[in-house]
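Reading through the structure tokens given below for one structure.
What follows is calculated from the coordinates using simple rules that are stated; it is not laboratory data. Quick caveat: nothing in here was measured; it's all calculated off a predicted structure. Every residue, glycine as well, gets a Cβ built from its backbone with ideal geometry; the counts of neighbours run over all protein chains shown.
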Amino acid sequence: MLLGYARVSTGSQSLEAQIEALKAAGCEKVYAEKRSGADGERKELARLLKAARPDDTVVVCRLDRLARSTRDLLNTLDRFGKDGVGFKSLRETAIDTTTPHGRLTISILASIAQFERELILSRITEGRKRARQNGIKFGRKPKLTAYQRQEALERLAEGESQSAIARSFNVDRATISRLAHA
């Protein structure tokens, strides 16, 4: 069965052209909504995902109606694939998971997205390394200054309790405990 999905971003836009195109393409059921793609809660898309059965094919007029990013598209297509559901875009005809050529195109897109993610992670790692070499420290700032840490350690050595020291510096006892075990 062909299942259509139509979406416009704002209430002032019309769904009619998409619905007509999907019906002309043979969709027996069309799920339509007026929601922003950035809005994580697209109820009609959720209904379509729940209703789609193996050997069904989801059809959209354009890719941007289904997904807001390449990653989002690939995640949705992966879910369709795992559920045995095909996918077609009327405008981007190369995106058709019901054909070998369409599956190849999706695989190429997925490879490019993976390559892009790896490049981003590599740049982040290099940036952090350079920052550390330049003396930048990551994480939260210490609750106690170097002087306070030294004083706390001296008071611990004199036998004062961790709880009492923590109260005097207005920190949790665990902060003093970690200092004592460092």
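Taking a point 7 Å from the Cα of Ala24 along the Cα-to-Cβ direction, the residues of the range 77-111 with backbone N closer than 15 Å to it are 90-92.
Taking the convex hull of the alpha carbon positions in the range 73-135 and averaging its projected area over all directions gives 5.4 nm². The alpha carbon centroids of the range 62-102 and the range 124-173 are separated by 51 Å. Trypsin sites (Lys or Arg not before Pro) within the range 103-150: which are DSSP loop residues with at most 12 other Cβ atoms inside 10 Å? Hits after loop and neighbour filter: Lys137, Arg140. Note on the range 21-138: with charges restricted to the Cβ of Lys and Arg (+1) and Asp and Glu (-1), its dipole about the Cα centre is near 580 debye.
Mind pulling up the Rg/Rh value for the range 2-111? Radius of gyration and Kirkwood radius, both on Cα.
Numbers: Rg = 12.9 Å, Rh = 13.9 Å.
Across the range 2-111, the Cα-based Rg/Rh ratio is 0.93.
If you plug the beta carbon distance of Arg62 and Arg140 into 1/(1 + (r/R0)^6) with R0 = 41 Å, you get a FRET efficiency near 0.35.
Counting only DSSP beta bridges whose two residues both lie in the chain, roughly 5 percent are antiparallel. Converting phi to 3J(HN,Hα) with the Karplus coefficients 6.51, -1.76 and 1.60 and the offset θ = phi - 60°, the range 164-177 yields 5, 5, 4, 4, 5, 9, 6, 10, 6, 4, 4, 4, 5, 4 Hz in sequence order, with x at every glycine or proline.
FRET efficiency for the Glu41 to Asp78 pair, using the beta carbon distance and R₀ = 30 Å, is estimated at 0.90.
Compute the longest continuous run of the chain that contains no exposed GluC sites (Glu not before Pro); treat a site as exposed when its DSSP state is not H, G, I, E or B and it has at most 16 other Cβ atoms within 10 Å. Longest stretch, sites excluded: 93-157. The phi torsions of the range 144-154, fed into the Karplus equation with coefficients 6.51, -1.76 and 1.60 and a -60° offset, translate into couplings of 10, 6, 4, 4, 5, 4, 4, 5, 4, 5, 5 Hz, rounded to whole numbers, with Gly and Pro shown as x.
Rounded to the nearest 500 deg cm²/dmol, what is the calculated helix-only ellipticity per residue at 222 nm for the chain, with -39500 (n - 2.57) per DSSP H run of length n ≥ 4?
On the way: 8 runs with 99 residues, N = 182.
Result for the chain: -17000 deg cm²/dmol, rounded to the nearest 500.
Computed extension gain for Ser9 through Ile108, at 0.36 nm per residue and net of the alpha carbon distance, reaches 32.8 nm. Once C-alpha pairs closer than 8 Å and six or more residues apart are averaged by separation and normalised to the residue number of the chain, the relative contact order reads 14 percent.
Just to verify a number: FRET efficiency for His181 and Arg128, C-beta to C-beta distance, R0 = 35 Å, to 0.05?
That gives a FRET efficiency of 0.85.
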